[in-house]
Structures are given as C-alpha cells and as structure tokens.
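The structure under discussion appears below in the form of structure tokens.
Read the figures in this text as sums done on the coordinates, not as results from a lab. Everything quoted here is computed from the prediction, not taken from an experiment. Ideal geometry is used to build each Cβ from the backbone, glycine not excepted, and the neighbour counts take in all protein chains shown.
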Amino acid sequence: MPTQTVDLATARRYVNSARYRSLDELCGGDPQMQDLIARGKRLIDKNIPILILGETGTGKEYLSRALHAYSERRAANWVAVNCASIPESLAESELFGYCKGAFSGALPGGMKGKVQQADGGTLFLDEIGDMPFSLQTRLLRVLSEREVIPLGAAHPVPVDVHLICATHQDLKTLVAQGRFREDLYYRIAGGVLRLPSLRTRADKRALIIQMIADEMSGQHIDERIIAPQALQQMLAYPWPGNLRQMHAVVRYCCAVMNGDRIEVADLPEELMESFAPSAPASNHFEGLNTVSASNSVSNMRSIVPQAGVADILPRQSGGPLGDERMRVIDALVGSRWNISAASRQLGMCRASLYRKLRQLDIPHVRDQAMPAHLASYAA
C-alpha cells in the first residue's frame, strides 16, 4: 500500500508563524470548519455579539483571536478574561475597574478594568457560563448602555467594544436552572459559532503535521517526519482533550524522538494504552479499574468508606441538580477522583469542576476518611 501523504504546503505555512493563526489557517480542510469560518467572516464586522460553543480544548480562544485579527478593529486591543479563573470577590474590579481610593488596598491611581482596556477593540469573555450571577447583571447593563461605571466612580464611562463570549457549557440548561440570566443569554448569543470536536474533524492529518512543523521550526519538514503506523494511531485516537491534548502529545513526541522521525514507541502512554488489550483486574484495585457510569455508585462503596459515601450521595437527589450531581460523581469515580481526568470527561476546566463540587455540595474523597492504600487515588 502506498504511503499516504499530507498537505505539506498547509503545514509549512505554520513554520515560524505567530502563536495565533489567521482565520483561514485554523482549518486544514475540514468542511465543518470551513463553514464555521465563512460564517464568522460574515458576522465579525456586523456589530453582533458572537458566542463560541465547543468542548474544552477545541480552540475557542484561538478562534476569538483570529476573528479579531480579521475584523476592522484589528489595530485595537483584544482583551481576554477567563470568567472561571477570577475569584468572585475580585471579578467586579477586574472587569469594570476602580477609581482612586475605591477600597482598602486599591492602587493609588485606580485601575482600568478589562472592559475599558478593550475600548475600540474586542472583549473576549471565556467560560462565560461560570460568571457569577451578580456580575451578569452589571455586564448586561454595560452591553445595553455601552458604558461602564468603575467602582467608586460618580459617572459612567462610555465604551465601544465588540463582545465575543465562549463556553463549553449548555447555557440554555443554565438558564433553566436559574444560574444564568435569560436576558443576558439572548444579548450575547447574537451569532453562534459551534466548534466541532477534534474526533469529528476530517483534517486531523494536516493538523498533526502542522503541529510537528511548529515544534521543529526552522527544519525541513516532509511526510517522513512521522512513521505511518504512529500517524495511524494518532488518527484513530478519539482525542477527548481535543486540540489542546493533540498539541501536548505532539510536543512530547518531538521531545523524545530519537532519530529523524516519530515512531510508535515515541507516543505517550495515554495513546499506547488506548490501543492495548484490556488486562483483567486483580486484587483490591479491581473496583478502581472497572468503574463505569452504570455501576459507579456500587463500585464507589468499595472504594470510599461507607461514611464517605453516605455523606456524598443523599444530598440534592432528584431533579436537574440531582441528575447533574450524579453525573459529576460518576465522572469522579470513573476517573478514580482524579480532578484533571474528570474535568476532561465532563468537558470543563479544573477550576470549573472545583466550583461545581462546591455548588453541588460534593466533598472530595480526600476530605473523607479512607484507607491509606486508596489515598493515592484521591490526588
């Protein structure tokens, strides 16, 4: 069988390029992405707020930056705010700024908030679904009145920003649960762009070569840089972490390769294990290796002491919150309470999952009494 080649012209465009791509460079030939980019180009200068949806790691920030670079506002600032990473107590001053003497510990000259910093340009609100409810009201006013009132200010300051928001969550569900303002949802969802997951994209081959070219900048790159079998395993892998995971895997492969191309042996364990035959579980770790969504609660009882299970399971049973609570617990048990793995399975970042644990009143296993031989699984 002849060796399958890749679009090297596409890959070489990325060598020595900036971290962020142009809109056209975000697509290696996938029809879904081509349609999304075409719609994004039509929307960007129409003064319509854009909402980018997609799983964690699909490139929402990259798309936002590329849309800004394509727009008439490209010479002005593109300002990003991750709503999930800002402590609720600091979110208001971070977004809207404050005047001199607004509160104890304030900077002597005050501070411009992110909204003012983006004046004339683009404001990117990532993980908008995690924005505190109280802050949503103030944001709605900013969008409606096109002005912001910094903390301690007597008068509003006019602002002109193009808003792009992004989230991996279902905002309509959050609205139904009373956790996201319905009027704000309709305000920010003027034009919706849904990024496809990597596993459904038809341009994975071009993306892999593109990323290898990035890592080996300045070197001659062709299709021989990766062994056919290694490439096939990467193409067959489901990529739950999407583009972010693929980039991490490519960086690892380029770092450990011992020769002039990437071999199967250079692939990280997560890819190798996904193609390895399942080994029968044994001894007291059996429950940890066989947990599934259907039996997670019963297996959980063999992993966590009975007191801990009793503390976790009964609360908020039934209804939307109860269903969501069980979904989160299933993911935690299935990942052996590894927060990083569970957050990937749930399609959210670590900060969002920790916040979700507090919202749903789910104590971490490490906070429960547990046998020493299981403690390492609660990291």
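What is the extension gain from GLU215 to GLN229, computed as 0.36 nm multiplied by their sequence separation minus the C-alpha to C-alpha distance, in nm to one decimal? Could you put the intermediate results ahead of the total?
On the way: separation 14, 0.36 × 14 = 5.04 nm, distance 2.04 nm.
Length gained between GLU215 and GLN229: 3.0 nm.
Treating cross-link reach as a plain straight distance, find the aspartates and glutamates whose alpha-carbon is under 14 Å from the alpha-carbon of LYS114, omitting any fewer than eight places away in the same chain.
GLU92, GLU94, ASP126, GLU147, ASP160
Output wanted: per-residue J couplings in Hz (rounded whole) for segment 322-331, from phi through Karplus 6.51 cos²θ - 1.76 cosθ + 1.60, θ = phi - 60°, x for Gly and Pro.
x, 5, 5, 4, 5, 5, 5, 4, 4, 5
Under 5 Å between amide H atoms, partner at least 5 residues away or on a different chain: which partners does ILE52 have, H built in plane at 1.01 Å?
Long-range HN contacts for ILE52: CYS165, ALA166, THR167, LEU193.
Sticking with the crude label model, points 7 Å out along Cα→Cβ, report the distance from ARG39 to ARG199 in nm, one decimal please.
2.2
Does anything in segment 56-100 have its amide N under 14 Å from the 7 Å Cα→Cβ label point of ASP160, and if so which residues?
Hits in segment 56-100 for ASP160 at 14 Å: 72-77.
So if I place +1 on the C-beta of Lys and Arg and -1 on the C-beta of Asp and Glu, and nothing else carries charge, what would the dipole magnitude of segment 31-194 be about its Cα centre? I want it in debye, nearest 20. Could you put the intermediate results ahead of the total?
Numbers: 19 positive and 18 negative charges, 70 e Å.
Charge dipole, segment 31-194, about its Cα centre: 340 debye, nearest 20.
What is the spin-label model distance, in nm, from SER340 to SER89 if the labels are put 7 Å beyond Cα along the C-beta direction?
Modelled inter-label distance: 2.9 nm.
Counting other beta carbons within 10 Å of each Cβ, put ARG39, ARG138 in order, fewest first.
ARG39, ARG138
Per-residue HN-Hα couplings for segment 239-251, Karplus 6.51 cos²θ - 1.76 cosθ + 1.60 at θ = phi - 60°, whole Hz, x for Gly and Pro?
6, x, x, 6, 4, 4, 5, 4, 4, 5, 5, 5, 4
Would you mind ranking SER352, SER335 so that the residue whose beta carbon has the fewest other beta carbons within 10 Å leads the list? If you can, show how the numbers build up before the last one.
On the way: SER352 22, SER335 18.
Fewest-to-most Cβ neighbours within 10 Å comes out as SER335, SER352.
Near the amide H of VAL157, under 5 Å away, which other amide H atoms are found, from residues 5 or more places off or on another chain, if H is placed in the peptide plane?
VAL148, ILE149
Please enumerate, by chain and number, the lysines with C-alpha under 21 Å from the C-alpha of LYS204, excluding those fewer than 8 residues away in the same chain.
LYS60
Can you tell me the Rg and the Dmax, both Å, for the Cα atoms in segment 31-194?
For segment 31-194, the Cα-based Rg and Dmax read 15.8, 54 Å.
Mind sorting THR167, THR56 by how few other Cβ atoms lie within 10 Å of their own Cβ, fewest first?
Working: THR167 26, THR56 21.
If I rank by nearby Cβ atoms, fewest first, I get THR56, THR167.
Using θ = phi - 60° and the Karplus form 6.51 cos²θ - 1.76 cosθ + 1.60, what ³J(HN,Hα) does each residue of segment 162-179 get, whole Hz, x for Gly and Pro?
9, 9, 10, 10, 8, 6, 9, 8, 8, 5, 5, 5, 5, 4, 5, 7, x, 9
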